[in-house]
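The values are calculated or read from the model by the stated rules, or taken from the named source; none is laboratory data. Note that this is a predicted model, so its numbers are computed, not measured. Every residue, glycine among them, receives a Cβ derived from its backbone with ideal geometry; neighbour counts consider all protein chains shown.
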Amino acid sequence: MGLTMTEKILSAHLVEGELKRGTEIGIRIDQTLTQDATGTMAYLEFEAMGVPRVRTERSVAYIDHNTLQNGFENADDHRFIGSCAKKHGLYFSRPGNGICHQVHLERFGIPGKTLIGSDSHTPTGGGLGMLAIGAGGLDVAVAMGGGAYYITCPKVVNVKLSGQLSPWVAAKDVILEVLRRMSVKGGVGKVIEYTGEGVKTLTVPERATITNMGAELGATSSIFPSDEMTKAFMTAQKREQDWIPLAADPDAEYDEVIEIDLSKLEPLAACPHSPDNVKSIAEIGKLKIDQVCIGSCTNSSLLDMMKVAHILKGKTVHPDVSLSIAPGSKQVLNMIAANGALSDMIDAGARILESACGPCIGMGQSPNSGGISLRTFNRNFEGRSGTKDGQIYLVSPETAAASALTGYLTDPRTIGEMPAFSLPEVFTINDNMVTLPADEADMDSVEIKLGPNIKPYPETHPLLETIAAPVSLKVGDNITTDHIMPAGAKILPLRSNIPKISEHCFAVCDESFPARAKALGQSIIVGGANYGQGSSREHAALAPLYLGVKAVLVKSFARIHRANLINAGILPLTFVNEADYDKIAQGDELVLEGVRNAVAEGKTELTVVDKTNGAVIPVLCELTGRTKDIMLAGGLLDYTREALK
């Protein structure tokens with residue numbers, strides 16, 4: 001039996017376990033990336049481990065999230081991250097150089113390598129043939145220190161592509177179709193592999209758009225082959241020496257197969273408030289819009305920008321629409337400035353933003369109250385835009401640009417013939433905004449620069465023998481990390497200050513939660529299905545940790561968030577019978593007796609007693625040997641410190 005691409009990369013990097021679906025494996029990590037919203041905490045954690053220099057082949061620290069500097073906090077974080085990078089052996093991508101995933105694709109990604117990043121959209125690298133996985137900052141810190149990264153050995157889904165996209169139908173429409181079929185939790189525990197003759201028709205930036213939004217499926221990763229199209233892209237980036245071919249064996253076996261004929265796809269949109277609430281533009285009908293935002297790590301490549309510029313050229317944005325455009329990297333911005341595309345955008349009335357994440361994470365450009373905003377981004381969770389009642393639709397750049405001109409959601413196929421778009425044979429290369437690390441001989445002289453907003457990792461404790469605590473919060477299904485720990489311009493600057501950012505924990509659901517949880521001292525959160533979907537932000541675990549949350553009991557977890565809870569020493573529990581969710585109310589007193597002993601003995605079924613109503617509820621606590629030891633120690637940082645002694 002042949003191997004899938006995923007199996008080939010995993011087997012070449014396997015350091016612990018065996019490639020058996022559903023079991024835990026440890027893999028060697030070749031590359032890491034961080035961004036500034038998660039990076040400060042990751043480097044505080046790395047420093048706490050006492051490892052002097054990163055042990056990966058390449059680690060890069062990016063500044064792309066917290067670039068709105070309306071106070072000292074973000075600038076201090078950037079200075080701290082830059083000093084850590086210089087001292088500990090990382091490349092440092094300075095503010096303005098671009099969005100981490102776009103820049104990493106252009107300048108650092110290598111087919112066949114493993115990459116983890118403290119951002120859930122790290123699987124963008126799969127467009128280049130990498131096994132790229134989003135992770136919590138502490139997992140990235142451990143990998144930088146030379147430690148293995150542990151995941152559940154995934155199932156592998158083959159999305160078999162045939163045909164070719166019709167004019168003005170985009171790669172964004174491909175991943176929206178996959179989301180429509182699989183849902184936001186359909187990829188949990190899986191890697192999505194794209195194969196078939198249709199793959200050969202997609203450029204690397206188009207492939208990266210598709211793998212980027214694999215995160216919205218809940219997938220561990222997504223990956224395309226490394227083929228002649230990949231080679232052409234890397235050659236144009238003057239990195240052809242890093243190219244290798246990679247493809248699944250012809251007789252590879254998959255756990256699931258989905259077939260998509262690209263020629264039959266039409267322009268789609270994800271409607272509020274979920275990326276899998278997908279309908280065709282025709283189904284939605286004539287929808288008046290207020291705003292269009294083009295950019296993000298999903299759709300800010302040179303190819304995307306050229307298509308947008310062509311649509312806008314010689315025209316004017318509708319007077320009722322605000323259009324903003326953010327090129328994904330300095331390279332993209334330089335090239336559209338040189339070839340005239342930038343002028344076409346400006347002439348049409350677009351507002352040009354810096355090469356950063358910006359509005360995708362609520363960092364500016366919030367729509368008007370109740371406003372309808374078309375965005376080429378990857379998430380449209382309620383309130384994420386910064387406007388609580390904003391109605392966010394996710395669309396392709398082609399649909400976004402066409403709609404910006406008409407003032408209504410518009411099928412781009414109605415705007416006329418599409419010219420041939422192709423990538424350049426040579427990209428403009430200028431890496432002067434990437435600072436190299438200090439030589440090993442000079443690293444000791446580098447001073448780590450801490451600002452007053454940067455606070456240490458929250459205090460942790462070994463797992464208690466008995467957890468007896470009230471339910472401080474009960475929430476429903478599909479709670480996202482944006483619900484747990486909101487982003488946005490007001491809150492993101494607090495990412496390096498857990499005591500302060502915890503004041504906003506669950507504020508989207510219940511503004512009184514932080515004060516209540518802190519007053520209780522210890523508490524338990526109860527939730528529904530797919531709890532913790534979305535971002536990789538470990539702050540969604542660290543803030544509850546600081547507020548005294550000892551356990552989270554839900555119907556099911558999203559992968560990264562469950563791992564982050566374990567890393568923080570918070571016990572992740574799931575209902576044996578989902579109907580038992582209804583037996584618990586907020587404020588009920590819950591007791592788990594003998595927890596520490598049960599975990600130490602490897603028991604997977606525990607009992608929760610609701611002292612308020614007398615209900616006896618069986619729950620699952622599925623911890624492997626390693627995660628069991630992490631939980632007993634009080635979290636991954638404590639566990640790693642002990643292991644490094």
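Quick notes on this structure:
- Conditions (1) touching a residue at least 60 places away in the same chain (Cβ under 8 Å); (2) closer than 30 Å to Leu637 by Cβ; number of the one not met by Gly187: (1)
- Any pair with Cβ under 9 angstrom, 6 or more apart, that starts in the range 2-20 at a residue that is over 13 Å from Ala148 (Cα atoms) and ends at one that is in a helix (DSSP H, G or I): Leu3/Ser11; Leu19/Glu7; Leu19/Leu10; Leu19/Ser11
- Test result for Ala132, in the same structural domain as Tyr254 (by TED's automatic domain parsing), crowded, with 24+ Cβ neighbours inside 10 Å and closer than 27 Å to Gly451 by Cβ: no
- Set Lys238, Lys231: member being in contact (Cβ under 8 Å) with a residue 12 or more places away in the chain and either in a helix (DSSP H, G or I) or in contact with a Phe, Trp or Tyr (Cβ under 6 Å, 6 or more places away or on another chain) (or both): Lys231
- Index of the failed condition, Ala269 passing every other in (1) within 30 Å of Ile372 (Cβ to Cβ); (2) in contact with a strand residue (DSSP E or B) (Cβ under 6 Å, 6 or more places away or on another chain); (3) assigned to a loop (DSSP other than H, G, I, E, B); (4) of a type outside the set (S, T, N, Q): (3)
- Check on Ile479, over 21 Å from His461 (Cβ atoms), touching a Gly at 6+ places or on another chain (Cβ under 6 Å) and not assigned by TED's automatic domain parsing to the domain that holds Val184: yes
One line per residue, one yes/no per condition, for (1) in the same structural domain as Met306 (by TED's automatic domain parsing); (2) assigned to a loop (DSSP other than H, G, I, E, B); (3) of a type outside the set (Asp, Glu):
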{"position": "Gly383", "(1), (2), (3)": "yes, yes, yes"}
{"position": "Asp389", "(1), (2), (3)": "yes, yes, no"}
{"position": "Thr399", "(1), (2), (3)": "yes, no, yes"}
{"position": "Leu405", "(1), (2), (3)": "yes, no, yes"}
{"position": "Leu423", "(1), (2), (3)": "no, yes, yes"}
{"position": "Phe427", "(1), (2), (3)": "no, yes, yes"}
{"position": "Asn432", "(1), (2), (3)": "no, yes, yes"}
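- Among the residues of the range 559-584, those that are part of a helix (DSSP H, G or I), closer than 21 Å to Leu464 by Cα and not aliphatic (A, V, I, L, M) comprise Arg562, Asn564, Asn567.
- Among the residues making up the range 541-551, those that are outside any helix (DSSP H, G or I) and surrounded by 24 or more Cβ atoms within 10 Å (Cβ to Cβ) are Leu547, Val549, Ala551.
- Index of the failed condition, Thr230 passing every other in (1) under 30 Å from Thr480 (Cβ atoms); (2) crowded, with 22+ Cβ neighbours inside 10 Å; (3) not acidic (Asp, Glu): (1)
- At least 3 residues being surrounded by 20 or more Cβ atoms within 10 Å (Cβ to Cβ) and out of contact with any Cys (no Cβ under 6 Å at 6 or more places or on another chain) is the threshold, and among the strands (runs of 3 or more DSSP E) wholly inside the range 1-90 those reaching it are 31-34, 58-62.
- Selection within the range 520-537 - aliphatic (A, V, I, L, M) and surrounded by 24 or more Cβ atoms within 10 Å (Cβ to Cβ): Ile524, Ile525, Val526
- Some residue of the range 146-158 being buried (at least 24 other Cβ atoms within 10 Å of the Cβ) and within 17 Å of Val60 (Cβ to Cβ): no
- Pair list, Cβ < 8 Å and 6+ apart or interchain, from the range 61-79 residues that are outside the structural domain of His104 (by TED's automatic domain parsing) to residues that are among the hydrophobic types (A, V, I, L, M, F, W, C): none
- Qualifying residue in the range 358-367 (condition: outside the structural domain of Gly214 (by TED's automatic domain parsing), surrounded by 24 or more Cβ atoms within 10 Å (Cβ to Cβ) and either of a type in the set (Lys, Arg) or under 13 Å from Leu176 (Cβ atoms) (or both)): no
- Total residues in the range 490-509, condition crowded, with 17+ Cβ neighbours inside 10 Å and either out of contact with any helix residue (DSSP H, G or I) (no Cβ under 9 Å at 6 or more places or on another chain) or in a loop (DSSP other than H, G, I, E, B) (or both): 8
- Matching residues, the range 96-110, being small (Gly, Ala, Ser) and either surrounded by fewer than 24 Cβ atoms within 10 Å (Cβ to Cβ) or not in a strand (DSSP E or B) (or both): Gly96, Gly109
- Residues in the range 249-261 that are of a type outside the set (Val, Ile, Thr) and either surrounded by fewer than 16 Cβ atoms within 10 Å (Cβ to Cβ) or not assigned by TED's automatic domain parsing to the domain that holds Gly163 (or both): Asp249, Pro250, Asp251, Glu253, Asp255, Glu256, Glu259, Asp261.
- Look at (1) under 24 Å from Leu303 (Cα atoms); (2) of a type outside the set (Lys, Arg); (3) within 23 Å of the chain's Cα centre (by Cα) and you find that Ser366 fails only one, number (1).
- Test for Tyr254: is it within 27 Å of Gly534 (Cβ to Cβ), part of a loop (DSSP other than H, G, I, E, B) and within 26 Å of the chain's Cα centre (by Cα): yes
- Flag for Val608 being surrounded by 14 or more Cβ atoms within 10 Å (Cβ to Cβ), touching a helix residue (DSSP H, G or I) at 6+ places or on another chain (Cβ under 6 Å) and of a type outside the set (D, E, K, R): no
- Given (1) at positive phi; (2) within 20 Å of the chain's Cα centre (by Cα); (3) not polar (S, T, N, Q), index of the condition Gly569 fails: (2)
- Asn567 being polar (S, T, N, Q), closer than 19 Å to Thr627 by Cα and not assigned by TED's automatic domain parsing to the domain that holds Gln35: yes
- Count of residues meeting criterion [part of a loop (DSSP other than H, G, I, E, B), within 29 Å of Phe233 (Cα to Cα) and not aliphatic (A, V, I, L, M)] in the range 407-421: 4
- Answer residue from the range 333-351, given it is surrounded by fewer than 18 Cβ atoms within 10 Å (Cβ to Cβ) and charged (D, E, K, R) and is nearest to the chain's Cα centre (by Cα) among those: Arg351
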